[in-house]
Amino acid sequence: MKFFIETMGCQMNEHDSEKMASLLTQIGFEEVKEPNDADIVIINTCSVRKKAEEKFLSYAGRIGGLKKRKKLIVGVTGCIPQIERENLLERLPYVDFALGPSSIHRLIEAIETAKAGQRFFDFSEDGEGSLCIRPTYTSKRVKAFVTIMKGCDNFCSYCIVPYARGREKSRDSKEVLDEIRRLAEEGVKEVILLGQNVNSYNKNRDDISFPELLEKVNDVDGIERIRFVTSHPKDLSEELIRCFGRLEKLCEHIHLPFQSGSNKILQLMNRGYTKEEYLEKIDALRKACPKIAITADCIVGFPGEEDEDFEETMDLVKRVRFQNLFSFVFSPRKYTLASTLPNPVPKEKAYLRLHVLQEVQRKITLEKNRELEGKKVEVLVEGKSKRSELELTGRTRTNVVVNFQGPLELVGRTVEVKVIKGYANSVRGVIEGYQK
Ligand code: SAM
Ligand code: SF4
Ligand code: F3S
């Protein structure tokens, strides 16, 4: 049978899609690039903001239309079914199966049931789901995700993730390390360790801590680069900060979402730190590793955010000078405390703030990318660039995308590239001595 997976969410969602694809290819199913060519379409959903939900509904409508024209099994997985449960099945009669993130290991059973003409769903919260599936890849890859934990116990007041992904649970370090060793044997050079809050890895278990895990991954032969997402500022330990600059394979990049620069808003968000504490952590990171690139997430238009609060956010952005910033307008989500808070910010005001913030950040990123002009950077070559067949693409250790001309044999190798031009989202470079 042929299957198609549409991935709509974050890196964990993307990795869950990879795991589902590997479950299906292991039993001889073939992955296709278009839903039109598929016998099974799986929509792996995200619920983090209303827009993600709308995107799902519109896409699901299209797939429902396709099902009227051909024989098709339609499955919905990920965070939306976990939140909506039976309502989703009621609302979308053409959906054959629905699985929450903790139940994706039951995919084959779900498909078999659908083939027999019955609907299948599993929304249990404590299933091993994505933790127990070790993906196998059909094509060679340079970098790979590795799940180290699932769920989240933080309950930031705006966030649906703890409801969609359940309580925090860490994966055995032995399992994690075995998987990384196997990936290294298959030629993977970079691993990205995944968890909603990696600093609480194994916090309630008798197993190694996150910095100890990093140390062990650093010792795996063949692995050249290590990254991780995400670290929560309140739990960013001194021990983890010291890993930067000390473990040679740990890339000089951290994604450290701050969400707001206003202490009043941070408290309403239940984030557990102040602006000053966040800035202290940034200082400590830069002291331990002066080259470190810092990226973050932030939310504008949170209930009660006044002009002064937004100014505090702008001040933080200008002070830290992030390499990159992912910014969003607050979106009220089901079950969350923030969706019940008074003093909503009018939509137009929130979008205006987002625009102001993004303009300032765009300039900062551009300036940072231009600062690289004339410099030589170490690039792990990932593949052909998206824009041009003739170009290769890769990233610096600080996570800057570099495009340059070169032969395909370089994929998987680390090369020195001289940056010739910095743009808003990437830089262009040349490999010295290489001419087309
Ligand atoms: N665990 C990670 C963390 O703590 O940063 C990732 C959380 S979420 C998948 C990614 C980002 O989405 C968050 O950092 C936050 O900026 C944003 N986000 C989450 N809930 C939101 C909401 N209700 N409205 C707008 N943005 C939201
Ligand atoms: Fe959501 Fe906060 Fe957990 Fe991140 S740490 S997933 S923002 S609740
Ligand atoms: Fe990820 Fe979206 Fe779920 S951001 S954890 S897929 S709600």
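The values are calculated or read from the model by the stated rules, or taken from the named source; none is laboratory data. Quick caveat, the model's predicted, so the values are computed rather than measured. Neighbour counts are summed over all protein chains in view; Cβ atoms, including those assigned to glycine, are modelled from backbone coordinates with ideal geometry. When the accessible area is computed, the model is the full protein with side chains, heavy atoms only, and any ligands, DNA or RNA have been set aside. Shrake-Rupley method; radii C 1.70, N 1.55, O 1.52, S 1.80 Å.
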Reachable aspartates and glutamates from LYS334, Cα under 12 Å, same-chain residues fewer than 8 places away excluded? GLU53, GLU84
What is the extension gain from GLN267 to LEU408, computed as 0.36 nm multiplied by their sequence separation minus the C-alpha to C-alpha distance, in nm to one decimal? 45.7 nm
So, for the chain, what is the accessible surface per residue at a probe of 1.4 Å, expressed in square angstrom? 46 Å²
The alpha-carbon center of region 1-80 and that of region 200-242 are separated, in whole Å, by 32 Å
Residues whose placed amide H lies under 5 Å from that of GLU30, excluding near-sequence neighbours: LYS2, PHE3
Let me know the volume per residue of the alpha-carbon convex hull for region 376-430, in Å³. 68 Å³
Please give, to one decimal in nm, the separation of the simple spin-label points placed at LYS363 and LYS384, each 7 Å out from Cα toward the Cβ. 3.9 nm
From the helices alone, meaning DSSP H stretches of at least four residues, give me the mean residue ellipticity at 222 nm for the chain, per-run term -39500 (n - 2.57), in deg cm²/dmol to the nearest 500. -10500 deg cm²/dmol
Note down the relative contact order for the chain as a percent, whole number, built from C-alpha pairs under 8 angstrom at least six residues apart. 10 percent
Report in % the part of the accessible area of the chain that belongs to carbon and sulfur, leaving out ligands and nucleic acids; probe 1.4 Å. 48 percent
Where in region 93-136 does the label zone of ARG182 land, with the point 7 angstrom along Cα→C-beta and an amide N cut-off under 11 Å? 133-136
In nm, give the distance between the simple-model label positions of GLU112 and VAL356, each being 7 Å from the Cα along the Cα-to-Cβ direction. 5.9 nm
Once fully extended, how much extra length lies between LYS33 and LYS375, figured as 0.36 nm per residue of separation less the alpha-carbon to alpha-carbon distance? 119.3 nm
Relative contact order of region 44-134, please, whole-number percent, based on alpha carbon pairs below 8 angstrom and at least 6 residues apart. 25 percent
If you average the alpha carbon positions of region 374-416 and of region 272-350, how far apart do those two centres end up, in angstrom? 32 Å
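Using the 2.2 N^0.38 Å rule of thumb for compact globular proteins, work out how the chain stacks up: its C-alpha Rg over that value, please.
For the chain, the normalised Cα radius of gyration comes out at 1.00.
Any idea what diffusion coefficient region 1-148 gets from Stokes-Einstein, in µm²/s, Kirkwood Rh on alpha carbon pairs, 20 °C, 1.002 mPa s?
Answer, rounded: 141 µm²/s.
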Considering only the other residues whose Cβ falls under 14 Å of the Cβ of GLU86, what net charge follows from Lys and Arg at +1 and Asp and Glu at -1? 0
The aspartates and glutamates whose Cα lies under 20 Å from the Cα of LYS349, excluding any fewer than 8 residues away in the same chain, are ASP297, GLU305, GLU306, ASP307, GLU308, ASP309, GLU311, GLU312, ASP315, GLU359
Semi-axes in Å, largest first, for region 159-244 (Cα gyration tensor, √(5λ)) are 22, 15, 13
Around TYR201, which amide H atoms from residues at least 5 apart in sequence, or from another chain, sit under 5 Å from its own amide H, with H modelled in the peptide plane? PHE210
In nm, give the distance between the simple-model label positions of GLU90 and LYS287, each being 7 Å from the Cα along the Cα-to-Cβ direction. 5.7 nm
Hey, what do the phi angles of region 168-176 turn into as Karplus ³J(HN,Hα) couplings, whole Hz, using 6.51/-1.76/1.60 and θ = phi - 60°, x for Gly and Pro? 5, 8, 8, 9, 3, 5, 5, 4, 4
